[in-house]
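Reviewing the structure listed below.
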Amino acid sequence: MNKPGLVRNKLGTLLVEEGVITPEQLDFLLNKQRQSRGRLGEIAVAEGLATEEEIVKALAKQLKIPFISLDNIVIDPEVVKLIPETMARNLRAIPIFKVEKNITVAMADPTDSEALKEIRFVTGCEVEPVVAKSDEISQAIATYYGTQGNLMDAIEGLSTNGLDAVDEAEEQDIVESQKLSQEAPVVKLVNMIIERAISKKASDIHVEPRESSLSIRYRIDGVLREEIVIPRMLKAAVVSRLKILAKINIAERRVPQDGRFTVRLNGKKIDLRVSTFPTVHGEKVVMRILERSGTTIPLEELGMNAEILRKFSQVLGLSHGIILVTGPTGSGKTTTLYAALNRINDAEKNIVTLEDPVESQIPGINQGHTNPVAGFTFASGLRAILRQDPDIIMVGETRDVETAEIAIQAALTGHLVFTTLHTNDALSSIVRLMDMGIEPFLVASSVSAIIAQRLVRKVCTKCAVEAQPVEIQIPESGEVRRLERLMKPVGCDKCNGTGYRGRIGLFELAVVNDEMRRLIVKGGSYQQLVAEARNNGYRTMFEDGIDKVEAGTTTLEEVMRVTRTVLEDDIFMAEKVAET
């Protein structure tokens, strides 16, 4: 086996040789690297020139070493101890197993000769590297090293430093709270809370004051779980530290405040959007985690079935009109919008977005964010965009009639407009626009398609087991379906004991045809719109979810959780539970 330490090829050369990037792109990346001092592979991913999988597979092929998925490997916990956690994180490497004087190490960049030397020196073993994806290495480090013990060490460090408890209900000494928040153990504690959330792929961190403690909850795959409980004496210090990072007024505790800050982890820049809210036990802080990866999930990987993907792809080819994406907060609307924009992004189009905030940067697209304090709202920003000679416009959210009217005028004057609404299903969006005061003929003339969505958790493929078949009734059609293959979540180390791992979208797509336009102009009811849409192939998110249940991707409980609009008794047919 070739030792990467002896290989002269650098990563950039490997990527060019494998056809992942061009020589010109390599020159661009090297210039970026000189400016940022970052890792070349991470810069290539951030710039959208390569995917992480392309990079690691190119490395594996060129170096003639295995490319592995850590999801499929059980690591020896004793071998993990041979490399300190800090070193593992810095080098993005984790030992897998050891045979005599040879240790196999999963690495994101096995061409890093200095890292190989360091591992060899610390372990006293010959290093046999294998290539793995960086995010899988980070997850494995979080799983096998863990941070709970380190968190406790940080808390104990505060206790043994003789720091006095600061009661949130009594805290009048702002100076003392700020002093506590700057102590090294508090800084370490807050850093670990954030790092642990990112490694677990959490979307939000909830810092919640209780009467006698501070609860840290992470939203993972759309569900909140308590991860850490911090003693009461640290409530003020932790909250103050977060407010300082977010540049929020630490002395103001009576009104909600907003801020944001950026962290760097494993070479990636991650934005945290911070919101505070006064409660009876002190200030609650919620942080939304936004990774500025520069990459988007391809449209094909969102979970759309073949028919919806085909129709939606056709809609994206329109030259003008409004495409609405609807659903509640956290249902993946922005991800769908980014995937759609990335699909139609090319040098011949001027694509401009107005977001709150910009969640991911897409090369080749002009992305802006609102600033209501300065008077830069969605409505005023949309007016400004129309003076920028756009072909395609994306407005993060249509919140008021003014924004809706401008978006409709833009669609009617030859622009393709993407925007979002908060409605329960696709066709409710038409009713919602008219309720906002938009004339029916304008809605009929401008809206081209509406896609509604939810996110459901996928069952963990490592621990799920088959459950008994069941019969259900589809409320919209009255159809009775027998689900032969049902998966039941169990829970294991890979899914943190939840039985679920990752998420997938449920979708319903309504393409507005001529008959629907006539119905809208005539003031047709919601039920009439649904009937016409079903004649045109429209299926609900619930029906899409049942398809995914039958495919073993998710569970009936998950589909019910996110789409339930009727009583369960109307769906489950207890008297028709299948006999086995």
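The values are calculated or read from the model by the stated rules, or taken from the named source; none is laboratory data. Treat the numbers as computed from the prediction; the structure is a model and nothing was measured. Cβ sites come from the backbone with ideal geometry, for glycine too, and all protein chains shown count toward neighbours. Note: areas computed on protein heavy atoms with side chains; ligands, DNA, RNA excluded. Shrake-Rupley method; radii C 1.70, N 1.55, O 1.52, S 1.80 Å.
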Q | Projected label distance in nm at VAL480 and SER215, using a 7 Å step from Cα toward the beta-carbon | A | 4.3
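Determine the gain in length on full extension of the stretch GLU439-ILE73; use 0.36 nm per residue of separation and subtract their C-alpha separation, reporting nm with one decimal.
On the way: separation 366, 0.36 × 366 = 131.76 nm, distance 5.90 nm.
Taking GLU439 through ILE73 to full extension adds about 125.9 nm, to one decimal.
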Q | Relative packing of 333-346, 252-265, which averages over residues the other C-beta atoms within 10 Å, highest first | A | 333-346, 252-265
(Q) Nearest 10 degrees is fine. How inclined is helix 184-199 to the longest principal axis of the chain, computing both from alpha carbons? (A) 50
Q) Once both axes come from the Cα atoms, what is the angle between helix 235-245 and the longest principal axis of the chain, in degrees from 0 to 90, rounded to 10? A) 80
(Q) I'd like the distance separating the alpha-carbon centroids of the range 290-362 and the range 239-274, in whole Å. (A) 28
Q: Measure off, as a whole percent, the carbon and sulfur share of the 1.4 Å-probe accessible area of the chain, all protein chains present.
A: 49
Q) Of the labelled options (1) 30.6, 103; (2) 26.3, 80; (3) 23.8, 73, which one gives Rg and Dmax of the Cα atoms in Å as computed for this structure? A) (2)
Q) Okay, which of the range 370-384 sit inside 18 Å, backbone N to the point 7 Å along the Cα-Cβ direction of GLN409? A) 376-384
(Q) Skipping prolines and chain starts, which residues have an amide H placed within reach, meaning under 5 Å, of the one on THR353, given they are 5 or more residues away or on another chain? (A) ASN366, GLN367, GLY368, MET394
Q) What is the Cα centroid distance between the range 409-478 and the range 76-105, reported in whole angstrom? A) 47
Q) Just how far, in whole angstrom, is the range 50-73 from the range 107-138 if you go by their alpha carbon centroids? A) 13
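Can you tell me the relative contact order of the chain? Whole percent, Cα pairs under 8 Å, sequence separation 6 or more.
This gives 9 percent for the chain.
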Q.
Taking 8 Å as the Cα distance limit and 6 or more residues as the minimum spacing, I'd like the relative contact order of the range 238-357 as a percentage.
A. 16
Q) For the Cα atoms of the chain, what angle does the longest principal axis make with the long axis of helix 306-315, in degrees from 0 to 90, nearest 10? A) 70
Q: Using θ = phi - 60° and the Karplus relation 6.51 cos²θ - 1.76 cosθ + 1.60, list the HN-Hα couplings for the range 551-560 in order, rounded to whole Hz, with x at every Gly or Pro.
A: 7, x, 7, 9, 10, 4, 4, 5, 4, 5
**Q.** Kirkwood Rh in Å, taken over all unlike Cα pairs in the range 225-270
**A.** 12.6
Q | Integer Hz, Karplus 6.51/-1.76/1.60 couplings in order for the range 13-18, x for Gly and Pro | A | 5, 4, 5, 5, 5, 8
(Q) Keeping every protein chain present and rolling a 1.4 Å probe, give me the accessible area per residue for the chain in Å². (A) 46
Q) Tell me, what HN-Hα J-couplings in whole Hz come from the Karplus equation 6.51 cos²θ - 1.76 cosθ + 1.60 at θ = phi - 60° for each residue of the range 452-457, using x for Gly and Pro? A) 10, 8, 9, 10, 10, 6
Q: Would you grab the residues whose amide H sits under 5 Å from the one on ASP204? Only those 5+ places off in sequence or on another chain, please, with H modelled 1.01 Å from N.
A: ARG219, ILE289
Q.
Skipping prolines and chain starts, which residues have an amide H placed within reach, meaning under 5 Å, of the one on ALA467, given they are 5 or more residues away or on another chain?
A. LEU486, MET487, LYS488
Q: Enumerate cysteines in the chain without a disulfide-compatible partner, where compatibility requires another Cys Cβ under 4.7 angstrom.
A: CYS125
Q | Separation of the GLN527 and GLU18 label points, Cα + 7 Å toward Cβ, nm | A | 5.9
